[in-house]
Amino acid sequence: MTITLSTRLHDVRGSAIRDLLALTARPEVISLAGGLPGTDLLPRERIAQALATAVADPAAVQYGETAGLRPLREVVAEHESERLGRTMAAEAVVVTSGSQQALDLVARALLDPGDPVVVEDPVYVGALQVFQAAGATLHPVPVDADGMAVDVLADRLAAGLRPRLVHTVSSFHNPRGATLSPPRRAYLAELAERYGFLVVEDDPYGLLAFDGHPLPTPVAAHGDRVVRLGSASKVLAPALRVGWLTGPAPLCAAVERLKQCTDLCTSSLTQLVTAELLADHAWFDAHLDRLRAALHDRAGALTGAVAGVFGDAVTCSVPTGGMFCWLEFTDGTRPADLLPTALDHGVGYVPGTAFAVGQDLSAAARLCYASNPPAELHTAVERLGAAWGASAT
Ligand code: PMP
């Protein structure tokens with residue numbers, strides 16, 4: 001049967017990463033491909049306890065308000081107030097089914113087909129898909145070791161670009177691993193004021209700084225034209241499917257209206273679980289400390305193994321938080337070409353080309369160190385080295 005699909009869909013690239021996950025799911029493959037927090041690091045026992053507490057509340061098994069259940073909105077507002085250094089009301093928080101839904105609803109609320117949107121290059125693929133589905137015209141701005149090159153954006157704005165919004169993964173970038181430097185944060189907020197665009201600060205990794213020190217102030221702390229997206233996925237568990245956004249009141253109201261069309265509300269059960277875990281400060285802080293320490297260990301294991309195996313045939317980012325390491329071959333190796341051999345050797349990763357919007361990223365690859373313990377990471381890099389050696393001969 002032929003089904004005529006909407007024209008909107010023509011522009012939506014399937015996620016190469018989601019396709020790749022099928023290949024790397026083979027049991028013999030150690031996957032550095034998915035952006036998955038290690039299952040062994042997820043607090044399953046504490047989630048089980050919180051679930052038992054939550055179901056005792058009749059609200060847990062019922063539909064809830066579209067904008068989210070009060071206890072969750074309150075505790076998210078509390079956490080956000082702490083990060084922003086100013087008080088945020090619970091009413092300013094809209095709970096979503098993962099921050100991916102928040103991004104989609106923001107795009108649908110703000111964009112008409114053809115509207116210009118600035119994305120980072122390399123880009124978070126989930127954002128690329130959302131903006132393609134919205135029919136936006138994409139304007140990529142490169143990301144370097146200090147995050148988005150805001151001076152490049154400034155030049156484009158000075159030359160006449162007028163984006164409706166600028167999307168940035170400001171801390172521990174997916175896929176580049178970089179964190180937007182404090183001066184760039186301030187400059188981005190200033191440009192947003194000057195040129196009248198919104199910054200969508202997509203921040204699922206912000207709490208995962210290895211040293212546990214407060215991160216550079218969020219972009220949102222510098223100005224009012226910032227929508228912040230947060231998520232329980234990387235600090236509690238992706239399966240909760242709980243995220244949130246905070247931003248200007250008219251945008252939050254529009255997002256709430258669109259969310260009514262999409263799913264009526266996010267699961268009350270997992271909202272209450274998330275609320276309990278975020279509100280248990282002593283537990284949550286200790287959990288975050290354990291998580292950061294484990295990620296730090298894994299990052300060290302991966303980058304150490306990469307240096308040992310590849311020497312100066314690659315440059316490798318130095319992770320200071322989050323889940324990703326960005327590799328660039330300096331010897332002409334193209335990770336997209338190497339991938340089939342790597343999979344045969346039992347290791348998977350994502351080639352940089354999957355994240356490219358305008359740049360040539362054919363020498364790059366994203367490696368996720370979060371999903372596997374250090375010994376597995378060592379084995380994975382040895383396998384990658386063997387595949388690289390085999391492909392060179
Ligand atoms: N933003 C970024 C930058 C991400 O890396 C991810 C998950 N990979 C998301 C948003 C979506 O996360 P979730 O929907 O699970 O909150």
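No lab work stands behind these numbers, since they all come straight from the coordinates. This is a predicted model, so every value here is computed, not measured. Note: ideal-geometry Cβ built from the backbone for every residue, glycine included; neighbour counts use all protein chains shown.
When the convex hull of the C-alpha atoms of the range 49-280 is computed, what volume per residue in Å³ does it have? Please list the in-between numbers first.
On the way: hull volume 26.0 nm³, N = 232.
In the range 49-280, the Cα hull volume divided by residue count equals 112 Å³.
For Thr137, what residues show an amide H to amide H distance below 5 Å, using hydrogens built from the backbone and excluding near sequence neighbours?
For Thr137, the qualifying residues are Gly114, Asp115, Val117.
Which value, in Å³ per residue, describes the convex hull spanned by the Cα atoms of the range 1-71? Walk me through the numbers before you get to the answer.
Values: hull volume 17.5 nm³, N = 71.
Spelled out: Cα convex hull of the range 1-71, divided by residues, is 247 Å³.
How large is log10 I(q)/I(0) at q = 0.10, 0.16 Å⁻¹ when the Debye formula is applied to the Cα atoms of the range 131-265, each weighted equally and without solvent?
-0.35, -0.90
Using only the Cα atoms of the range 51-151, build the gyration tensor, take square roots of its eigenvalues as a ≥ b ≥ c, and label the shape rounded, prolate or oblate: rounded if a/c is under 1.5, else prolate if a/b is larger than b/c, else oblate. Please report the intermediate quantities before stating the final value.
Working: a/c = 2.56, a/b = 1.76, b/c = 1.45.
It is prolate, given that a/c is not under 1.5 and a/b is the larger ratio.
For the chain, set up a Gaussian network in which alpha carbons nearer than 10 Å are linked by springs, and say which option among Cys265, Cys325, Cys368 fluctuates the most.
Cys265
Among rounded, prolate and oblate, which fits the range 335-383 when a ≥ b ≥ c are the square roots of the eigenvalues of its C-alpha gyration tensor, a/c under 1.5 means rounded, and a/b larger than b/c means prolate?
Numbers: a/c = 3.22, a/b = 1.69, b/c = 1.91.
Oblate is the answer for the range 335-383, as a/c is 1.5 or above yet b/c matches or exceeds a/b.
With a 10 Å cut-off between alpha carbons and a GNM built on the chain, which of Glu328, Glu201, Glu82 moves the most?
Comparing Glu328, Glu201, Glu82 in a Gaussian network model of the chain, the most mobile one is Glu82.
Please give me the summed charge of the neighbours of Ala127: other residues whose Cβ is under 10 Å from its Cβ, Lys and Arg +1, Asp and Glu -1.
Values: positive: none; negative: Asp104, Glu120, Asp202.
Net charge around Ala127: -3.
Principal axes first, then extents: for the Cα atoms of the range 259-330, list largest minus smallest coordinate on each axis, whole Å, largest first.
Dimensions of the range 259-330 along the principal axes of its Cα atoms: 52, 36, 14 Å.
Connecting C-alpha atoms closer than 10 Å in a GNM of the chain, tell me which of Val166, Val309, Val235 has the biggest fluctuation.
The residue with the greatest mean-square fluctuation here is Val309.
Convert each backbone phi in the range 111-128 into a coupling constant with the Karplus relation 6.51 cos²θ - 1.76 cosθ + 1.60 (shift: θ = phi - 60°), then list the ³J(HN,Hα) values in order as whole Hz, x for Gly and Pro.
Result, ordered by residue: 10, 9, x, x, 4, x, 10, 8, 10, 7, 9, x, 10, 5, 4, x, 6, 4 Hz.
What do you get when you divide the Cα radius of gyration of the range 210-274 by 2.2 N^0.38 Å, with N the number of residues? Before the final figure, lay out each step's value.
Working: Rg = 14.3 Å, N = 65, 2.2 N^0.38 = 10.7 Å.
That works out to 1.33 for the range 210-274.
Taking θ = phi - 60°, what integer Hz values does the Karplus form 6.51 cos²θ - 1.76 cosθ + 1.60 yield along the range 363-371, in sequence order, with x for Gly and Pro?
9, 9, 8, 9, 10, 9, 9, 6, 7
Taking a temperature of 25 °C and a viscosity of 0.890 mPa s, what whole-number D in µm²/s does Stokes-Einstein yield for the chain with Rh from Kirkwood over alpha carbon pairs?
For the chosen part, D equals 113 µm²/s.
Could you give the distance between the Cα centres of the range 134-183 and the range 250-321, to the whole Å?
The range 134-183 and the range 250-321 have Cα centres spaced 21 Å from each other.
Using DSSP, restrict attention to beta bridges with both residues in the chain and report what percent are antiparallel, rounded to the nearest 5.
On the way: 21 of 39 bridges.
Counting DSSP beta bridges with both partners in the chain, the antiparallel share is about 55 percent.
Of all DSSP beta bridges in the range 49-280, what percent run antiparallel (nearest 5)? Working shown, then result.
On the way: 10 of 26 bridges.
The antiparallel fraction comes to roughly 40 percent.
Per-residue HN-Hα couplings for the range 32-48, Karplus 6.51 cos²θ - 1.76 cosθ + 1.60 at θ = phi - 60°, whole Hz, x for Gly and Pro?
For the range 32-48, the Karplus-derived couplings read 9, 8, x, x, 9, x, x, 4, 5, 9, 7, x, 5, 5, 5, 5, 4 Hz, x marking Gly and Pro.
Does the range 287-367 come out rounded, prolate or oblate by the C-alpha gyration tensor, with a ≥ b ≥ c the root eigenvalues, rounded set by a/c under 1.5 and, if not, prolate when a/b is larger than b/c and oblate if not? Could you put the intermediate results ahead of the total?
Numbers: a/c = 1.84, a/b = 1.62, b/c = 1.13.
Prolate.
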